[in-house]
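Accompanying notes for the structure given below.
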Amino acid sequence: FQAPEVSGPVAIEVRATSGPRRIPAPTPDPLRTIATPERTRLEVEVVAVRNGDAWQSASGGASLLVTGHVFDVRPGDRLRAFAQWSRVRPPTNPGEFDFAALARGRRQMVAVNCEFPECVTIQAGGGRWSPGQLLRRLVDGLRTGGDALLWRNLGPGRSSLGAAMF
C-alpha cells in the first residue's frame, strides 16, 4: 500500500518507535499570516492502513506530526490515527534542503499529519518485558524527563535549543 503524492486522508495504525517530542511554536512574524501552533512529533512504524472498511497490512517508517500535545505515548505503544498522509516530497526550488533525502536516510517514506491530538488514540500498550523494549522505554523516559526539566527552567526562547542538545 503506497501513500499518495498529494496529501490525502487516511486511517492508519502505527507502533511508536520513540516517545513524543515537543516542537515549539515559532516566534510571531508579521510576514506570516497564519500562526503555527506548538506541535508534537512521533517517530512510528506503520502497521496497517484502512482501505474502505478493511484494514490492510503495511510496513515502513513514518514521522507523525500532531498539532497540539500528545504526551502519553511510549515506545512500543500501538496507535490509531486519523490524519492526512503523503509521500515525503523532494525540493521544488534549487538549493533548497532535501527533506526527502533525509527521510529516505531514516527509512521514512511517509509523512503523516494530524490536526488535533484527539485524532491519535492508543490502541494497546507496548510489551514491557522484552529487554530491547525495556531499554527503549528507559532511555525515552530519561529523555522525556530531561526535556520537561529544560522546558520548565529555560523558557520558550531557549528550551528548544537545550532540548536539541540533550
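Observations, loosely collected:
- Between R22, R89, R104, R41, the distinction of being under 28 Å from V139 (Cα atoms) and touching a residue at least 60 places away in the same chain (Cβ under 8 Å) belongs to R22 only.
- Screening the range 25-38 for residues that are of a type outside the set (V, I, T) and either in contact (Cβ under 8 Å) with a residue 24 or more places away in the chain or open to solvent by less than 90 Å² (accessible area, probe 1.4 Å) (or both) and picking the one that is nearest to G125 (Cα to Cα) gives E38.
- For the range 39-64, a residue qualifies if it is exposed (fewer than 10 other Cβ atoms within 10 Å of the Cβ) and either under 11 Å from the mean Cα position of the chain (by Cα) or not aliphatic (A, V, I, L, M) (or both), and the qualifying residues are G52, D53, S59.
- Members of the range 115-126 that are under 19 Å from A58 (Cα atoms) and not β-branched (V, I, T): Q123, A124, G126
- Single residue of the range 92-129 satisfying the filter (at pLDDT below 80, of a type in the set (G, A, S) and assigned to a loop (DSSP other than H, G, I, E, B)) that is least open to solvent (accessible area, probe 1.4 Å): G126
- Within the range 1-24, if we keep just the residues that are in contact with an Asp or Glu (Cβ under 7 Å, 6 or more places away or on another chain) and in a loop (DSSP other than H, G, I, E, B), the residue that is modelled with the highest pLDDT turns out to be T17.
- Near pairs, Cβ below 6 angstrom, 6+ apart or cross-chain, from the range 138-161 (modelled with pLDDT under 70) to any residue that is outside any helix (DSSP H, G or I) and hydroxyl-bearing (S, T, Y): none
- Being among the charged types (D, E, K, R) and part of a strand (DSSP E or B) is true of E45.
The values are calculated or read from the model by the stated rules, or taken from the named source; none is laboratory data. Since this is a predicted model, take the numbers as computed values, not measurements. Counting neighbours? That spans all protein chains shown, and the Cβs are built from the backbone with ideal geometry, glycine included. In case anyone asks, the SASA skips ligands and DNA or RNA and just uses the protein heavy atoms, side chains included. Shrake-Rupley method; radii C 1.70, N 1.55, O 1.52, S 1.80 Å.
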